[in-house]
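Bear in mind these aren't lab numbers, they're just calculated from the coordinates by the rules spelled out. This one's a predicted model, so the numbers in the text were calculated from it and none came from an experiment. Quick reminder, even Gly has a Cβ in these numbers, built from the backbone with ideal geometry, and neighbours come from all protein chains shown.
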Amino acid sequence: MNETSHQGPAHSASERDPARDNGEVYDQLELLSEMGRDFASSMDLQASLERAVAHITDYVEAEGGALFLLDDDDTVLRCHACVGATEITGLTLPSDQGIVGRCVQNDTAEIVRDVQNDPSFYGKVDEQTGYTTRSILCAPMTVKDERIGAIELINKRGGDGLFEDQDLHLLATMSASAGLAILNARMAEALVEQERLARELELAAEIQRSLLPDQDEGGFPLFGINVPARTVSGDFFELEDGRIGFNLGDVSGKGMNAALLMAKTASLFRCLGKTIHQPGRLLARINAEICETATHGMFVTMLGGIFDPRTGIVRFANAGHEPPLFLDDKGKFSSFPADAPPLGISPFLLDGDHYPEEELRLDGGRFFVFTDGVTEGYREDGSELEVEGLKEILVGNQRAAIRDQLSVVVDSVYRAGVKLRDDITLLVIDDQTRESVSTQRAQREPSTVGEVEGGEELISVRIPSQPDRLKLVRNAITQAAQMCECNEEMTHDVVIAVDEALQNVIRHAYDNRPDGDIRVSIRRAGENFVVLIRDYADTIDTSKVQPRELDDLRPGGLGTHFMREVMDEVSFLSPPDDKGNLLRLVKRIA
């Protein structure tokens, strides 16, 4: 750093008192040491800057002082701390204007003894405050050619208010020390922030790992893989009728906010997906929930669906996610681009109350869902894998087990020393195993109420034989009726009829025992709204289930009469495994 000054009175070496000089040097070293300790020990850089300006201003005996720092792009100087008669904290000026700007640009310390005659003097502060600046002392803060800012002092206290050359040398020394301390403090602050982000990302990864589903080693038709962990990874679960719900999504951003949004989305899918079996309506419900609470600008792309291992049919909806790929048993690909926006952007961008759905019969093929981290991964030659590269790998390993096939994809873009641009997440449905899987599950699981009725299942609910759980079924009936666009009167009648039926099951079939198992399947078969109620109590003699006369007011019996009055059909069916009882209620949709 260069130093210069305008001519002014100075003391010659013969006039200086050595003892006084030694004392001043000692005092200066003490001040520099104190400033260094303060910057090193304080966690508050702003407070350290304010104390440093106060110390320097007091030591040089100036009326006021200010510390300016360059902004990130080096085009603006901003006052971060000041002391004295005027308050200019927050003042900004272009980095090439004013005496302080000239000082920074030239990397030169200056004394200006008559500021009124200096064309670079920035006089607006005096105009606004009424304060008169006579003399300015300014020194840059520079470390190894890295410009940090400058310290400016105004008006020497006492006498003529003019600074001396000795003051210039003193300020230059202190500014250099302050600049080094600020740089070190910034580096320490950045290191702490990096460590905080590392801990946050690790915690986010741990949240992600905890949400990954367990893999079924017994020929399960779905398999997922994730490297490392930032996306809403593939999840799947089995429904009571043997079908499998699945999803894969990618949350925007990273860190804790993204992890929490990921966790919420995955939880909503798993919770709501067990009662809402239409992928389009399920994603619409999740979208509405996320839109209420998601941080501004964050969203989730997601593909969710239902796979039936007995038929090989997959039905899915795509909310702004990467187009999935279907590889048939002849090696031919089909792609399914998204027709709707991601979750969390707006609840008003949908056409109706559901996302568009696709239905696909796999017929021995494989259905692949993946994040863009797969196709944006680098090959060994440095080029992107892209969709065509992914297809090449999948076709080349079409006859391999699904675990091995996906491992080849991951290995091609995840190599030692190669930085991933994004997470790698894949989910595959393998229809090659569906016949054996369907047989295995049929052997170990009881038949469900949905197997005796055609049409489309809207919602299924499983509750214990406890009256306080009936609210869940009432809500499910109401929601399913809304899906079928039933009017309010019909919805009310069905809710009451089903509630009466369940009360009878609890009171009579299970004799008010709270540990009974009740399963309710709500379906639409053409223009019929169908409710199937299954219990596992002792089989009843259905010929004895008759409504009492209306003038017989004893408890029980009136519920049966009411059900037959409001429903178009009330009948008992034989359960598929001859266990328990199965009641069928039908109402034609108005």
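Residue by residue through segment 522-530, which ³J(HN,Hα) values in whole Hz follow from phi under the Karplus form 6.51 cos²θ - 1.76 cosθ + 1.60 (θ = phi - 60°), with glycine and proline marked x?
Each residue's phi maps through the Karplus curve to give 10, 9, 10, 10, x, 9, 9, 9, 10 Hz.
What number results when the radius of gyration of segment 268-325, computed over Cα atoms, is divided by 2.2 N^0.38 Å? Walk me through the numbers on the way to the answer.
Numbers: Rg = 12.6 Å, N = 58, 2.2 N^0.38 = 10.3 Å.
Against the empirical 2.2 N^0.38 Å value, I get 1.22 for segment 268-325.
Go through 396-409, 489-502 and give me the packing order, highest mean Cβ count within 10 Å leading.
Values: 396-409: 15.9, 489-502: 19.1.
Going by the mean number of other Cβ atoms within 10 Å, highest first, we get 489-502, 396-409.
What FRET efficiency comes out for the pair Glu569/Glu386, r = Cβ-Cβ distance, R0 = 51 Å, nearest 0.05?
About 0.35, to the nearest 0.05.
In whole angstrom, and with the biggest value first, how far do the Cα coordinates of segment 48-100 range along each principal axis?
Taking the Cα atoms of segment 48-100, the three principal extents are 32, 22, 17 Å.
Once label points are set 7 Å from the Cα along Cα→Cβ at both Thr539 and Gln128, what is their separation, rounded to one decimal in nm?
Simple spin-label model gives 9.1 nm for this pair.
Evaluate the distance, in nm, between pseudo-label points positioned 7 Å from the Cα of Lys579 and of Arg196 along their respective Cα→Cβ axes.
Modelled inter-label distance: 5.6 nm.
How much FRET efficiency would the formula 1/(1 + (r/R0)^6) give for Glu146 and Ala54, where r is the Cβ-Cβ distance and R0 is 25 Å, rounded to 0.05?
Values: r = 25 Å, r/R0 = 1.00.
The computed FRET efficiency comes out at 0.50.
How charged is the neighbourhood of Leu77? Take every other residue with its Cβ under 12 Å from the Cβ of Leu77, and add Lys/Arg as +1 and Asp/Glu as -1. Mind showing how you got there, number by number?
Working: positive: Arg78, Arg102, Arg147; negative: Asp71, Asp73, Asp74, Asp96, Glu152.
Net of charged neighbours comes to -2.
Rounded to the nearest 0.05, what FRET efficiency is calculated for Thr311 and Cys271 with R0 set to 30 Å and r the Cβ-Cβ distance?
E between Thr311 and Cys271, to the nearest 0.05, is 0.70.
Sorted by mean Cβ packing within 10 Å, highest first, what order do the peptides 89-96, 145-152, 359-366 take? Can you show the working numbers first?
Values: 89-96: 14.6, 145-152: 21.0, 359-366: 17.5.
Answer by packing, highest mean first, reads 145-152, 359-366, 89-96.
Cut-off 13 Å, label point 7 angstrom out along Cα-to-Cβ of Asn106: give me the residues of segment 144-187 whose amide nitrogen falls inside.
Answer for segment 144-187: none.
Evaluate the distance, in nm, between pseudo-label points positioned 7 Å from the Cα of Asp74 and of Asp404 along their respective Cα→Cβ axes.
5.8
Within the set Lys264/Lys332; Lys274/Lys391; Lys264/Lys330; Lys471/Lys587; Lys124/Lys144; Lys124/Lys156, which residue pairs have Cα atoms separated by over 29 Å? The partial results should precede the final answer.
Values: Lys264/Lys332 37 Å; Lys274/Lys391 33 Å; Lys264/Lys330 39 Å; Lys471/Lys587 20 Å; Lys124/Lys144 33 Å; Lys124/Lys156 20 Å.
Cα-Cα > 29 Å for Lys264/Lys332; Lys274/Lys391; Lys264/Lys330; Lys124/Lys144; rest within.
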